[in-house]
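Report on the structure given below.
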Amino acid sequence: MHELEARGLQMKFGGVTAIAGLDLTVEEGEIRGLIGPNGAGKTTFFNACSGRYPVTAGEIRYRGQKISGMKPHQIAAEGLVRTFQHVTLFKQFSVLKNVVAGNYLHARHSYWGSLLRTRKTREAEAGSVARAREILDFVGLGALMDQQAATLAHGHQKMLGIAIALAAEPKMLLLDEPCAGMNSDESREMIHLVRRIRETGITIMLIEHDMKVVMGLCDRITVLNFGNEIADGTPEAVRANAQVREAYLGSQAHVA
Amino acid sequence: MDKTDIIASPNRLVWAGLLLLALAAPFLVGFDLYLIHVGITISFNVALATSLWMIWSLGVISFAHAGFMGIGAYASALVLTKLGLSMWYGLWIGAVISALFAMLIAVPLMRTRAVYFFMASWAVGEVIKRNFAYFKDFFGGWDGVFDIKPPVLDLGFLQIDFADRLAYYYLALFFVALTVWIIYRMNASRTGMIWWAIHENELLAQHTGINVFRQKVVCFTIACTLVGVTGALYAHYQTYISPKSFDIWKSEFALVHLIVGGLTTVGGPVAGAISLTMVDEALRATGYFRTIFFGVVLIASVLLLPGGLETIPARIRRLFNRKSKE
């Protein structure tokens with residue numbers, strides 16, 4: 001059984017084909033890179049996996065279960081959680097509250113519990129807060145817990161985005177350009193964080209434009225171009241692939 | 001106990017003071033019937049504004065809110081005039097009918113967003129009002145329903161006739177306190193956090209596993225149930241209701257109460273509804289100019305007090321801090 005499996009996946013928006021029949025598998029425990037030029041369909045693939053947009057044809061399976069056709073909250077509940085390319089937070093919340101909110105799936109929420117503030121509810125909330133503190137310490141935002149999310153530096157905001165995703169206790173994470181807009185120090189920190197997340201047993205798939213990050217971090221890389229897979233393999237194999245070079249740099253014929 | 005901002009610590013002293021003041025108010029005004037009437041009106045407006053604020057925690061304002069108050073009012077009134085059951089039944093029947101309609105309407109309504117929601121809810125409010133007017137035989141048309149008697153509470157050893165204004169004041173106060181308490185509790189808990197999370201970022205909320213659509217329907221339904229109860233109380237106090245009692249303007253006044261009071265805490269709508277109802281009553285003497293003065297007060301408060309009345313404590317604190325630094 002594959003961790004994540006796409007079969008004949010097609011994504012069309014009106015007349016535009018974003019993904020044209022993609023077959024792809026990700027195995028448990030790996031860090032998989034998803035790269036390709038702009039408009040190759042990388043983020044569209046994440047949107048399909050997370051249920052944000054319905055698939056046009058084909059199917060996606062997560063741990064053997066068909067998730068294409070499911071709603072985003074149902075897919076998150078299955079343990080497949082994503083982050084976003086642009087900073088996506090509950091901006092007016094404090095850093096801690098962001099992560100506590102992200103812990104929704106495991107907080108045993110009930111309306112009557114909220115109203116009557118039963119012991120069970122209070123215990124669940126305390127557990128949620130404790131878990132959020134753990135996660136924030138883990139990603140390195142422990143010192144900024146009480147700050148408002150909107151006031152964080154960009155790098156910290158991206159980290160917080162990942163902390164929110166971790167609070168949902170995923171088995172697999174889809175990271176959409178975790179290092180986008182980061183300086184090299186922040187980037188290095190992020191790479192370190194992604195490795196540590198994998199060590200906790202979470203499978204990771206990430207989109208990234210920075211080749212140094214991708215090549216250094218990923219076990220395997222899948223390259224997309226115009227909605228098709230053009231290469232798949234270890235970083236070395238992908239780097240050596242002529243088709244990949246052509247997609248990124250243009251063909252030799254044009255250059256000459 | 002581990003205090004975090006997750007469960008907002010209530011300003012118990014302020015709330016207790018407000019409740020005591022409300023309990024003592026009839027004595028303080030010397031049982032003046034007109035002022036007690038103002039007190040009852042304030043109670044209804046507080047309940048209306050606070051439950052509207054509960055919907056606002058999702059990030060939208062429903063202009064159908066007064067309409068749902070009307071559903072509760074008409075249900076309770078008709079239960080009395082047609083079935084002969086007193087308000088003690090009508091109150092709950094009104095609440096249930098209001099809740100059922102809210103749930104049914106929320107299903108299509110909550111699929112719309114932002115400005116489309118405002119427009120759609122506006123239409124819902126208008127349709128509710130027009131239905132009361134259109135089905136003349138059942139709802140009494142534009143003439144409305146008359147003779148909605150206030151209830152009598154018979155405890156055997158004690159009989160309280162709520163035709164007495166003072167008794168009704170305490171009845172209204174009880175229900176508005178209950179309404180505010182329920183909304184406060186919901187808001188200061190995981191439920192409120194979920195709703196504010198949807199308010200802040202619906203996309204992210206969805207992807208953290210929250211069933212956003214269901215949460216919206218539930219929130220809308222609870223708010224409309226509470227305002228349905230308020231509507232029933234309103235009907236039996238006024239003893240007369242017509243479609244015009246529950247038109248868009250009523251929703252809009254509640255929205256004004258929210259804006260003047262503040263949008264981020266329960267204290268906002270409560271403060272806004274209390275103060276603006278008082279201003280409105282004080283301006284009654286100006287007759288035709290009442291709405292103009294009301295508009296001036298509204299514009300002045302938005303210009304001079306952005307963030308609303310709820311920001312006053314923080315402003316005072318800042319003022320003192322600045323003084324102590326000098």
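The values are calculated or read from the model by the stated rules, or taken from the named source; none is laboratory data. Keep in mind it's a predicted model, so treat the numbers as computed, not measured. When we count neighbours, we look across all protein chains shown, and the Cβ atoms used for this are built from the backbone with ideal geometry, even at glycine. Ligands, DNA and RNA are stripped out before the accessible areas are found, and what is left, the full protein with its side chains, is counted by its heavy atoms. Shrake-Rupley method; radii C 1.70, N 1.55, O 1.52, S 1.80 Å.
Quick look at the values:
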quantity	calculated
Accessible surface of A:LYS12 - all protein chains present, 1.4 Å probe, nearest 10 Å²	100
Segment B:THR291-B:ASN321, length gained on full extension (0.36 nm per residue, minus Cα span)	7.0 nm
For the protein assembly as shown, calculated [θ]222 nm from helices alone, where every DSSP H run of n ≥ 4 adds -39500 (n - 2.57)	-18500 deg cm²/dmol
Listing of region B:156-186 residues, each with accessible area lower by at least 40 Å² in the full protein assembly than in the chain alone (probe 1.4 Å)	B:ARG185, B:MET186
Qualifying chymotrypsin sites (Phe, Trp or Tyr not before Pro) for region B:207-260 [loop in DSSP, other Cβ within 10 Å: at most 16]	B:TYR240
Estimated FRET transfer efficiency (A:THR234, B:LEU104; beta-carbon r; R0 60 Å; 0.05)	0.60
Theoretical FRET efficiency, 1/(1+(r/R0)^6), r = Cβ-Cβ of A:ASN183 and A:GLU134, R0 22 Å, to 0.05	0.20
Size of region A:60-122 as Cα extents on the principal axes (Å, biggest first)	41, 27, 15
Gyration tensor (alpha-carbon) shape descriptor, region B:14-82, a/c threshold 1.5	oblate
Protein accessible area in region A:88-169, 1.4 Å probe - carbon and sulfur %	53
Per-residue ³J(HN,Hα) for region A:26-37, Karplus 6.51 cos²θ - 1.76 cosθ + 1.60, θ = phi - 60°, Hz, x for Gly and Pro	10, 9, 4, x, 8, 9, 10, x, 10, 10, x, x
Built amide H within the under 5 Å cut-off of A:ARG220, gap 5+	A:ILE31, A:GLY33
Top of B:ASN187, B:ASN201, B:ASN11 by mean-square fluctuation, Gaussian network on chain B, Cα under 10 Å	B:ASN11
Check: region B:1-146 dipole with +1 on Lys, Arg Cβ and -1 on Asp, Glu Cβ, in debye	280
Modelled FRET efficiency - R0 22 Å, B:HIS199 with B:THR112, Cβ distances, 0.05 increments	0.90
Dipole magnitude of region A:88-169, debye to nearest 20 (Cβ charges: Lys/Arg +1, Asp/Glu -1, about Cα centre)	260
Unit charges at the beta carbon, dipole of the protein assembly as shown: most positive-side option, B:TYR240, A:LEU160, B:ALA282	B:ALA282
Shielded residues, region A:113-153 - accessible-area loss of 40 Å² or more between chain alone and all protein chains, probe 1.4 Å	A:SER114, A:LEU115, A:ARG117, A:GLU125
For region A:204-218, 3J(HN,Hα) per residue [Karplus equation, 6.51 cos²θ - 1.76 cosθ + 1.60, θ = phi - 60°, Hz, x = Gly/Pro]	10, 10, 9, 9, 7, 8, 6, 4, 4, 5, 4, 5, x, 9, 8
Positive dipole terminus of the protein assembly as shown, leading residue within A:GLY79, B:LEU52, A:GLY33 (C-beta point charges)	B:LEU52
Trypsin sites (Lys or Arg not before Pro) within region B:1-109: DSSP coil, no more than 13 neighbouring Cβ in 10 Å	B:LYS3
Cα-based shape type of region B:211-272, given that a ≥ b ≥ c are square roots of the gyration tensor eigenvalues and the cut on a/c is 1.5	oblate
Cα shape, region B:12-245, gyration tensor, a/c 1.5 rule	oblate
Loss of accessible area when B meets A, both sides summed, Å² nearest 100, probe 1.4 Å	3200
Theoretical gain in end-to-end length, A:ARG7 to A:TYR53 [0.36 nm per residue, Cα-Cα removed]	14.9 nm
Nearest-10 value in Å² for the accessible area of B:ILE97, using the 1.4 Å probe	60
Simple Cβ-charge dipole of chain B, Lys/Arg +1 and Asp/Glu -1, about Cα centre, in debye nearest 20	760
Separation of alpha-carbon centers, region A:7-24 and region B:234-294, rounded to whole Å	54
Qualifying lysines (Cα of each under 26 Å from Cα of A:LYS120; at least 8 residues distant if same chain)	A:LYS97, B:LYS3, B:LYS216
Selected from B:GLN206, B:GLN159, B:GLN238 as most flexible by GNM, with chain B as the system and alpha-carbon contacts under 10 Å	B:GLN159
Computed over region B:1-132, the ratio Rg/Rh where both radii use C-alpha atoms and Rh is Kirkwood	1.06
Gaussian network model of chain B, springs between alpha carbon atoms under 10 Å - residue of B:THR291, B:THR112, B:THR230 with greatest fluctuation	B:THR291
Region A:88-169, relative contact order in percent, only Cα pairs under 8 angstrom and at least six apart counted	50
Net lengthening on full extension, B:ASP161/B:TRP249 (0.36 nm per residue, minus Cα-Cα)	28.5 nm
1.4 Å probe accessible area per residue over chain B, in Å²	48
Inter-label distance, nm, simple model (7 Å from Cα along the C-beta direction), A:GLU199/A:HIS154	2.9
All aspartates and glutamates inside 14 Å of B:LYS250 as judged from Cα atoms, apart from same-chain residues fewer than 8 positions distant	B:GLU126, B:ASP280
Convex hull volume per residue for the protein assembly as shown, taking Cα atoms only, in Å³	219
Set of aspartates and glutamates with alpha-carbon distance to A:LYS212 below 17 Å, sequence-local pairs under 8 removed	A:ASP176, A:GLU177, A:ASP185, A:GLU186, A:GLU189, A:GLU236
